[in-house]
Structures are given as structure tokens and as C-alpha cells.
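Engineer: Take this structure first; my questions come after.
The values are calculated or read from the model by the stated rules, or taken from the named source; none is laboratory data. Worth saying up front: this structure is predicted, and the values here are computed from it rather than measured. Every residue, glycine among them, receives a Cβ derived from its backbone with ideal geometry; neighbour counts consider all protein chains shown.
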Amino acid sequence: MSDIVDARGLSCPQPVLDTLAALAAKGSGRIEVLVDTEASRENVTRAAQAKGWTVESVAEEAGAYRLAIAKA
């Protein structure tokens, strides 16, 4: 099961900061991030990629985005 960062309702840069903290704590593996704005989706994607993680998928569901982020 993936770790989940629920950043819905948070203003930037908090979704990015929460995601980066989760990535640092995890080191490798897979996490899911929930955000509710396009700006947060784009910012989290860029931040994860800058740290060497891959965004495997982005799904829109119920007015939010679910990003699956992984690193081997």
C-alpha cells in the first residue's frame, strides 16, 4: 500500500512542502499525493521530478487530482 499525502485544501507552497517531506522520509518506493488545484498538481510534479522521482500517473477524481509518484 502506498503512503498518501492529502494536500487538498492547502495553499501553495504547502502541498509541495508536504510532498517533499514525504519523499525525503520514504527515500524510495511509492506515494500518492492528493491535491485540488492545477497549480498544486503542476508544482508537486515539478518538485518530485527535481528530486529524482517519477510521476507514474495523474488521475482526476471528484474535483481533485491523485498523483502516483515512485522511485526505485
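Engineer: If you check Leu10, Leu23, which single one turns out to be within 15 Å of Lys71 (Cα to Cα), hydrophobic (A, V, I, L, M, F, W, C) and either out of contact with any Cys (no Cβ under 8 Å at 6 or more places or on another chain) or buried (at least 17 other Cβ atoms within 10 Å of the Cβ) (or both)?
Structural biologist: Leu23
Engineer: Follow-up. Within the stretch 26-45, can you find the residues that are surrounded by 12 or more Cβ atoms within 10 Å (Cβ to Cβ) and either charged (D, E, K, R) or over 18 Å from Ala64 (Cβ atoms) (or both)?
Structural biologist: Hits for the stretch 26-45 are Lys26, Gly29, Arg30, Glu32, Asp36, Arg41, Glu42.
Engineer: Check Glu42, Glu61 and return the single one that is at negative phi and either in contact with an Asp or Glu (Cβ under 8 Å, 6 or more places away or on another chain) or at pLDDT 95 or above (or both).
Structural biologist: It is Glu42.
Engineer: Moving to a separate point now. Sort out which residues of the stretch 37-72 are part of a loop (DSSP other than H, G, I, E, B) and either under 17 Å from Val16 (Cβ atoms) or touching a Cys at 6+ places or on another chain (Cβ under 8 Å) (or both), and write them in order of number.
Structural biologist: Thr37, Lys51, Gly52, Trp53
Engineer: Additional query: For the stretch 13-62, give me each residue that is of a type in the set (A, V, I, L, M, F, W, C) and over 11 Å from the mean Cα position of the chain (by Cα).
Structural biologist: Ala24, Ala25, Ala39, Ala50, Ala59, Ala62
Engineer: Check Leu10, Leu23, Leu34 and return the single one that is in contact with a strand residue (DSSP E or B) (Cβ under 9 Å, 6 or more places away or on another chain) and assigned to a strand (DSSP E or B).
Structural biologist: Leu34
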